[in-house]
Amino acid sequence: MTYQLFNFSEAEFLNTYWQKKPVLIKGAFKNFIDPLDADELAGLAMEEEVESRLICKQANKWQVEHGPFEDYSHLPETDWTLLVQAVDHWSTEAAALMSPFRFIPNWRIDDLMVSFSMPGGGVGAHVDQYDVFILQGQGKRHWKVGAQQKLTEKVPHPDLLQITGFDACIDDILEPGDLLYIPPGCPHEGYAIEPSLNYSIGFRAPNQQDLLSAFADFALQEECFKQRYADPNLTLRDNISQINTGEIAQIKELILSTVSDKSKLELFLGRYLSQAKHDLNIQPIEPAYEPEDLIELLEQAQAQAINWFRLGGLRCIFIDTQLFINGESVELNSAQMPIAQLIATQEEYSAAELIELTNNPDALNLLLALVNEGFIFIDADEAF
Ligand code: SIN
Ligand code: CO
């Protein structure tokens with residue numbers, strides 16, 4: 001299944017709305033078909049590796065349970081929602097829903113959260129720190145969204161950070177295929193009217209704390225940035241308890257010089273930003289394929305028109321000719337660039353295009369390494 005936004009100008013969206021103001025796009029997807037159903041979502045939330053939450057409001061009291069869940073028989077007919085994180089890591093069909101949003105750079109895209117809500121179900125009014133598109137699947141849900149405004153927080157349960165109320169600029173009932181965009185910090189709340197599936201395409205943007213602590217981890221791991229403060233020109237001073245402005249400037253320079261090392265900074269950023277926040281469903285090939293095994297598989301797939309896929313949630317980022325995948329880096333030569341570009345910009349590939357771009361040993365070996373690691377795979381159900 002391929003998903004396409006209808007009548008949507010990417011450039012206009014970026015210009016007018018991205019990080020600026022919320023927008024509701026009715027009928028963004030025509031004849032929308034859900035990539036999964038509530039039972040499949042409930043099944044995923046039973047898995048150990050999958051992060052999920054059940055949020056219930058009963059007699060005005062909020063309850064939160066964390067997955068994995070064993071059964072759902074205790075749930076009432078109304079007022080609850082099941083939220084499952086990183087569904088794109090586990091469902092190729094659901095991962096396809098991210099494709100229309102890939103006009104935003106890879107490194108800014110996070111994951112796909114899917115919620116199933118019974119009538120009345122919702123997580124309460126809140127704000128998120130990140131941009132999000134919320135797509136309405138099956139059912140109808142009443143959504144309200146406000147512009148950034150002064151808000152009062154409340155914590156009705158230790159695991160729920162809500163707000164008391166807000167002025168809405170969008171107040172509408174979403175139907176299948178309708179799409180909301182909500183910038184960071186804009187208050188919103190959605191309550192299901194009918195049993196509803198909602199897909200949240202989430203983005204990420206590191207803050208200074210994230211960057212500094214990850215950069216410190218990188219420095220420890222790489223054993224770099226060991227230059228120490230030195231003062232061979234120290235002279236006598238009146239006040240020995242002062243650290244003077246010159247010394248502060250020198251320490252500042254010592255810190256700044258770490259991020260001025262271009263190759264180190266790029267290595268850090270590529271590794272850090274290409275790591276997924278949630279577990280990936282990596283299944284390495286064992287025993288690993290030899291080049292001739294891969295050539296044969298590609299040819300069989302071409303004969304039967306079977307496509308190959310990138311592992312859901314796999315993050316591929318380029319910095320010049322370095323490719324970063326899932327926190328690892330590969331320096332590419334010019335023969336490997338075309339296949340690497342294809343892999344980094346698409347999530348599904350025909351065998352024919354893979355064959356065409358691996359007609360030299362370096363490119364074939366790159367694809368072989370990625371296939372053996374489990375990063376690129378052929379749909380096992382369809383394969384011969
Ligand atoms: C939901 O789907 O219920 C929650 C989405 C959100 O508000 O972030
Ligand atoms: Co939200």
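Remarks
- The residues on offer are Trp80, Trp90, and the sole one that is within 13 Å of ligand 1 (Cβ to nearest atom) and buried (at least 23 other Cβ atoms within 10 Å of the Cβ) is Trp80.
- In summary, Gly177 fulfils each of the numbered conditions (1) assigned to a loop (DSSP other than H, G, I, E, B); (2) under 19 Å from the mean Cα position of the chain (by Cα) with the single exception of condition (2).
- Hey, Asp111 within 15 Å of ligand 2 (Cβ to nearest atom), over 18 Å from Phe29 (Cα atoms) and crowded, with 21+ Cβ neighbours inside 10 Å or not: yes
- Remark: pairs (first residue in the range 102-131, closer than 12 Å to Ser200 by Cβ and part of a loop (DSSP other than H, G, I, E, B); second residue of a type outside the set (Asp, Glu) and within 13 Å of ligand 2 (Cβ to nearest atom); Cβ separation under 6 Å; 6+ apart in sequence or on different chains) = Val123/Ile55; Tyr130/Pro184; Tyr130/Gly202; Tyr130/Phe203; Asp131/Pro183; Asp131/Pro184; Asp131/Phe203.
- Residue match in the range 205-214 (condition: in contact with a Cys (Cβ under 9 Å, 6 or more places away or on another chain), more than 16 Å from ligand 1 (Cβ to nearest atom), over 20 Å from Ile109 (Cβ atoms) and in a helix (DSSP H, G or I)): no
Condition check ((1) farther than 27 Å from Ile170 by Cα; (2) over 21 Å from the mean Cα position of the chain (by Cα); (3) not basic (Lys, Arg)) across all residues:
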site	(1), (2), (3)
Leu41	yes, no, yes
Cys56	no, yes, yes
Gln63	yes, yes, yes
Tyr72	yes, yes, yes
Leu75	yes, yes, yes
Leu82	no, no, yes
Tyr130	no, no, yes
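- Among the residues making up the range 132-173, those that are away from ligand 2 (no atom under 13 Å from the Cβ), part of a strand (DSSP E or B) and over 28 Å from Phe32 (Cα atoms) are Glu153, Lys154, Val155, Pro156, His157.
Throughout, read-outs are computed from the coordinates displayed, never taken from laboratory work. Everything numeric here is computed off the predicted structure, so don't read it as measured data. FYI the Cβ positions are ideal-geometry reconstructions off the backbone, even for glycines, and counts take in every protein chain you see.
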